[in-house]
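The values are calculated or read from the model by the stated rules, or taken from the named source; none is laboratory data. Note that the structure is a prediction, hence the values are computed from the model and not measured. Glycine gets a Cβ as well: all are built from the backbone with ideal geometry, and neighbour counts include every protein chain shown.
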Amino acid sequence: MQIILDNPAGAPQPLSPYYSQVARVRHADGSALLFLSGQIAEGATLAEQTRGVFETIDALLKAHGATFADVVNIRTYLTDITQLDAYGAVRRQYLTGTPPTSMTFEVPRLFRPEAQVEVEVVAAVPAGR
């Protein structure tokens with residue numbers, strides 16, 4: 001097993017120097033698990049922030065040869081759970097197949113005070129990608 005911590009070029013860079021965006025755990029057979037750090041984005045509305053979050057996740061997945069179809073788990077943190085439908089409407093634009101396992105939490109505050117949503121994912125990447 002090999003572990004690579006990464007901030008891939010071409011993807012938005014972390015908001016702080018204290019963490020890596022992706023942990024890639026490569027198995028002997030060439031398959032890998034990707035653990036993406038929680039992502040936030042700018043925007044006035046939850047929908048705008050959610051779109052930005054999923055665009056960043058898309059770039060991070062692509063940098064490691066993965067797509068949203070490879071996502072097996074998603075964790076979402078919302079500062080207002082009553083906005084779950086607005087979040088879900090954007091999420092469904094990116095996760096179009098069978099939905100991955102999922103947890104959603106309401107939290108009083110996120111890493112940045114203006115952030116309304118933070119999302120982290122785990123993806124399983126088949127050998128050869």
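Listed values, structure above:
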item: Restricting the stretch 10-32 to residues that are in a strand (DSSP E or B) and over 13 Å from the mean Cα position of the chain (by Cα), the residue that is nearest to residue 126 (Cα to Cα); result: 32
item: Unique match (being of a type in the set (Lys, Arg) and either in contact with a helix residue (DSSP H, G or I) (Cβ under 9 Å, 6 or more places away or on another chain) or over 26 Å from residue 2 (Cα atoms) (or both)) among 75, 26, 112; result: 112
item: Residues located in the stretch 47-100, provided they are in a helix (DSSP H, G or I), within 10 Å of the chain's Cα centre (by Cα) and not hydrophobic (A, V, I, L, M, F, W, C); result: 55, 56, 58
item: Residues of the stretch 58-87 that turn out to be closer than 17 Å to residue 111 by Cα, surrounded by 21 or more Cβ atoms within 10 Å (Cβ to Cβ) and in contact (Cβ under 8 Å) with a residue 40 or more places away in the chain, as a count; result: 1
item: Filter result for residue 106 (of a type outside the set (Phe, Trp, Tyr) and closer than 17 Å to residue 48 by Cα); result: no
item: The lone exception for residue 15 - which of (1) farther than 23 Å from residue 2 by Cα; (2) at pLDDT 95 or above it fails; result: (2)
